[in-house]
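Q: Submitted below is the structure of interest, expressed as structure tokens.
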Amino acid sequence: MKLPIATSFFLFAIFLMVISACESEVVKKRSKSPEIVALKKKVKEFRKRNDYDNAIVCQNELIAVAGRLRDSSSIQFGYFTQYTNYREIGNTDSMFLYLQKWYDISERLNDTRWMASASRSQGTLLEREGEFQEAFNKFSRAKKLYLQINDTIRVASILSEIAYLQKKQGNFGASQLSALEGLNYVENTNELKTLGGLYHVLSVASRETGNTDMAIERIDQALKLVEDSIGREKIDAKSIIQFKNTKANIYKELEEFDNAIQIYEELLVDKSLVISMKESARINGNLAHTLFLKNGFNKRSDSLLNNSLLINKEIDYASGLHSTYLKLAELYKDEDKERSIEFVNRAITYARDLVNKKAIHEGIQMKIVVALGNEYVNEYMSLDKELEQKEEELGSLFANERYNYNKAENEKIIVENKANKAEKDKALSQNIVLILIILLIVLIVVIYFIYQKIKRRHKIEKVKTVHVTEARISSKVHDELANDLYKLISQLETTDPEKETILDKLDVIYNQARDISKQIQGVETGEGFAEELSNLFRSYQSEEVNVLLKRYNIDIWNGISSHIKITVYRVLQELLTNMKKHSNAVLVVVSIEKNNKQLFIQYIDNGKGFAEEISKNGLQNAENRIHAIEGTLTFDTELHKGCKFSINVPV
């Protein structure tokens with residue numbers, strides 16, 4: 001039979017999908033070498049035990065195997081894993097080496113996402129090492145790569161890191177521009193961690209440029225994000241500490257010392273926040289400076305700053321040491337000039353090590369104030385700071401105005417994009433409906449042809465069944481009925497049997513003819529089926545055989561289809577016929593029950609069980625009938641121990 005074009009196309013599409021799935025599976029299997037899988041497992045176990053030396057050795061072996069197998073993806077992931085191994089043991093040179101290898105192979109594989117991730121990690125490491133310009137270049141490259149794949153969330157996160165880097169260098173105007181650009185990507189999203197970081201760096205930069213109103217507004221936006229449990233889950237404790245510390249710093253700048261002191265002291269005793277040594281040193285230093293600004297020189301400020309100094313030395317935190325020495329210089333400015341100059345010199349040394357021009361400038365200013373210490377110098381320094389802040393404030397104002405303009409433009413573009421998207425969605429919906437209609441038509445055609453094929457198959461099977469039934473009946477007529485008639489005729493021709501003997505044999509022949517007739521005639525499947533089945537059992541009841549029906553409710557046949565009723569009838573008929581002909585049973589027990597849409601039938605007799613003369617074709621025919629209605633027939637029998645048949649049929 002020739003299929004129509006639509007059906008052929010549908011089947012061809014399915015074929016292509018199967019081939020594609022097979023090809024994908026082959027690719028997956030290629031990348032899962034047993035040797036590599038085993039080595040990955042070993043590396044994972046070493047890392048879990050914090051045994052990074054062995055993890056590094058095993059990872060090198062894995063990379064070598066992957067190279068031999070030309071498994072680029074395993075090499076790529078291997079370089080990344082090796083970088084993290086060296087990161088755990090603090091080997092900076094090896095970290096740089098494997099970060100570059102990770103980037104290079106990702107570039108060869110044209111894997112933009114991993115190229116961006118490697119560049120970002122390079123930037124973070126360079127920033128930690130004080131290579132700020134190189135760090136900025138790596139962050140900028142990562143930003144461009146993330147933009148290429150339209151990963152705006154990571155673009156915003158990178159811009160947050162760039163803004164912090166620029167703040168660290170004292171470039172507060174540029175820091176605000178980067179942070180405001182980042183806000184464009186995430187301000188109306190649930191990326192709370194990135195949002196909080198951007199608001200925080202904007203607040204710090206605004207404070208440094210003298211725009212305390214904007215600084216308060218931005219830090220309040222950051223703190224608002226952690227007011228509920230959702231925000232506190234997404235934003236870590238370290239960030240929350242930074243937000244609160246920054247707000248206290250702004251209060252200090254505004255000379256609202258009591259508010260600032262309250263926040264610092266609450267942070268130091270807040271058990272819900274795990275404060276690191278670095279944060280503890282910073283908060284102690286800020287609290288000491290605020291107490292000094294409020295009360296002048298005092299022992300508590302001196303004690304807090306010395307405590308902060310010890311912590312920063314212990315953790316080797318250069319930026320913290322610069323800040324602490326500067327505060328100590330200011331504290332001792334009027335108490336001990338020589339000691340103050342010593343402190344300020346140390347602060348300048350750390351500022352130069354950090355290559356932080358803003359920090360160097362602050363240190364030199366403090367040294368001039370301490371060394372000269374007259375009212376004209378103080379006035380000059382005050383004016384210089386004010387002019388510097390005014391200049392930076394203009395940059396800050398420009399950055400915020402540009403952000404507001406861009407925000408308005410973006411909102412306008414969003415409205416236009418929504419309108420365009422609505423039109424595209426409408427067109428897409430129409431196309432989808434059309435495709436679904438076509439697919440439905442194709443499906444109907446396919447189902448029609450499948451139905452016709454099944455119908456023809458059933459017709460052929462029905463004809464075969466008729467032929468088998470005719471052959472079986474023909475065999476019964478020939479082997480049983482005709483033979484018995486022939487024997488009786490021969491006996492009548494050669495002997496003169498008694499009348500009773502002739503009548504007995506004619507009765508046997510009559511019963512055989514009746515049994516054959518019953519197997520041919522139709523079965524009542526309507527309301528009279530229950531009575532029809534009862535008559536079947538009664539027909540096999542005799543003085544020699546007792547047929548009992550147990551657990552039988554005639555209502556169980558309600559709702560059961562006709563073909564199941566006919567099949568059950570014929571199978572029980574087969575079993576009873578075999579019993580009568582072969583088993584010599586004197587007792588037959590049949591139970592019929594229905595439970596949970598299952599029909600359970602059990603047949604038991606106390607005959608002699610299976611023997612060689614039993615008609616196996618009869619049993620096979622019964623089994624075929626039950627299978628045709630998706631049921632099961634099982635039997636348990638031994639010679640001289642009777643038979644037990646169990647039938648289960650879904651109804």
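Q: Tell me the accessible surface of residue 154 in square angstrom (1.4 angstrom probe, heavy atoms of protein chains only), to the nearest ten.
A: Accessible area of residue 154: about 110 Å².
Q: Give me a comma-separated list of calculated 3J(HN,Hα) values for the range 265-282, in order, Karplus coefficients 6.51, -1.76, 1.60 applied at θ = phi - 60°, integers in Hz, x for any Gly or Pro.
A: Couplings: 5, 5, 4, 5, 10, 6, 6, 6, 10, 8, 8, 6, 4, 4, 5, 4, 5, 5 Hz.
Q: For the pairs 40/167; 247/271; 426/455, flag any whose C-alpha to C-alpha distance is greater than 31 Å.
A: Correct reply: 40/167; 426/455.
Q: In addition: Any chance you could look up the accessible area of residue 234 with a 1.4 Å probe, heavy atoms only, rounded to 10 Å²?
A: 90
Q: Can you pull the percent of Cα pairs in the range 140-184 with separation above 15 Å?
A: Value for the range 140-184 (Cα pairs over 15 Å): 36 percent.
Q: Using only the heavy atoms of the protein chains and a 1.4 Å probe, how would 454, 216 rank by accessible area, largest first?
A: Per-residue accessible area, sorted high to low, gives 454, 216.
Q: Where Lys and Arg each count +1 and Asp and Glu each count -1, what net charge lies around residue 450 among other residues with Cβ under 13 Å from its Cβ?
A: Summing Lys/Arg as +1 and Asp/Glu as -1 gives +4.
Q: With +1 assigned to the C-beta of every Lys and Arg and -1 to the C-beta of every Asp and Glu, and no other charges, what is the dipole magnitude of the range 171-277 about the Cα centre in debye, to the nearest 20?
A: For this selection, approximately 340 debye.
Q: Using the per-residue mean of other Cβ atoms lying within 10 Å as a proxy for protection, in what order, highest first, do the peptides 327-335, 268-276 fall?
A: In decreasing order of mean packing, 327-335, 268-276 become 327-335, 268-276.
Q: Could you calculate the FRET efficiency of residue 502 with residue 445 from 1/(1 + (r/R0)^6), where r is the beta carbon distance between them and R0 is 41 Å, rounded to 0.05?
A: 0.05
Q: Now for a separate question. Accessible area, 1.4 Å probe, largest first: how do 57, 547 sort?
A: The ranking, largest first, comes out as 57, 547.
Q: Right, here's the next one. Within the range 262-286, what residues put their amide N at less than 12 Å from the label point 7 Å along the Cα-to-Cβ vector of residue 193?
A: Once the point is set 7 Å along Cα→Cβ of residue 193, nothing inside the range 262-286 turns out to lie under 12 Å by backbone N.
Q: Which value, in Å² and to the nearest 10, is the accessible area of residue 639 when all protein chains are kept and the probe is 1.4 Å?
A: Rounded to the nearest 10, the figure is 90 Å².
Q: Per residue of the range 285-295, in order, report the coupling 6.51 cos²θ - 1.76 cosθ + 1.60 (Karplus, θ = phi - 60°) as ³J(HN,Hα) in whole Hz, putting x for Gly and Pro.
A: Here the 3J(HN,Hα) series is x, 5, 5, 4, 5, 5, 4, 5, 5, 7, 10 Hz.
Q: Sticking with this one: Residue 599's amide H: which non-local residues (gap 5+, or another chain) put their own amide H closer than 5 Å, with H modeled 1.01 Å from N in plane and none for Pro or chain starts?
A: Correct list: 649, 651.
Q: Compute log10 of I(q)/I(0) for the range 540-651 with the Debye formula, placing one identical point scatterer on every Cα and leaving out solvent, at q = 0.17, 0.20 Å⁻¹, to two decimals.
A: -0.80, -1.09
Q: Please list, in order along the range 438-455, the HN-Hα scalar couplings obtained from phi with the Karplus expression 6.51 cos²θ - 1.76 cosθ + 1.60 (θ = phi - 60°), rounded to whole Hz, x for Gly and Pro.
A: After applying 6.51 cos²θ - 1.76 cosθ + 1.60, I find 4, 4, 5, 5, 4, 5, 4, 4, 4, 4, 4, 5, 5, 4, 4, 5, 5, 4 Hz.
Q: May I ask for the distance between the Cα centers of the range 309-341 and the range 228-302, given as a whole number of Å?
A: Computed from Cα coordinates, the inter-centre distance equals 18 Å.
Q: Taking amide H positions as placed 1.01 Å from N in the peptide plane, with prolines and chain starts having none, which residues 5 or more places from residue 587, or on another chain, fall under 5 Å of its amide H?
A: Residues meeting the criterion, in which the H sits 1.01 Å from N, are 546, 606.
Q: Follow-up question, since we're still on this one. Sorted by accessible area (1.4 Å probe), largest first, how do 294, 101, 421, 143 line up?
A: Putting 294, 101, 421, 143 in descending order of accessible area: 421, 294, 101, 143.
Q: Follow-up question, since we're still on this one. Give the accessible surface of the range 268-358 per residue, rounded to a whole number of Å², with probe radius 1.4 Å and ligands, DNA and RNA excluded.
A: Accessible area per residue: 52 Å².
Q: Structure shown: which of 44/244; 193/252; 224/313; 193/418; 42/138; 313/358 lie over 31 Å apart, alpha-carbon to alpha-carbon?
A: The pairs that break the limit, which is 31 Å between Cα atoms, are 44/244; 224/313; 42/138.
Q: So between residue 600 and residue 434, what do we pick up on full extension, going 0.36 nm a residue minus the alpha carbon distance?
A: Gain on extension, residue 600 to residue 434, equals 54.8 nm.
Q: Want the number for residue 94 to residue 551: 0.36 nm per residue separation, take away the alpha-carbon distance, what's left?
A: Stretched out fully, the residue 94 to residue 551 stretch lengthens by 156.3 nm.
The values are calculated or read from the model by the stated rules, or taken from the named source; none is laboratory data. Keep in mind that what you see is a predicted model, and the values were worked out from it rather than measured. Glycine gets a Cβ as well: all are built from the backbone with ideal geometry, and neighbour counts include every protein chain shown. For accessibility, only protein heavy atoms count, side chains too; no ligands or nucleic acids. Shrake-Rupley method; radii C 1.70, N 1.55, O 1.52, S 1.80 Å.
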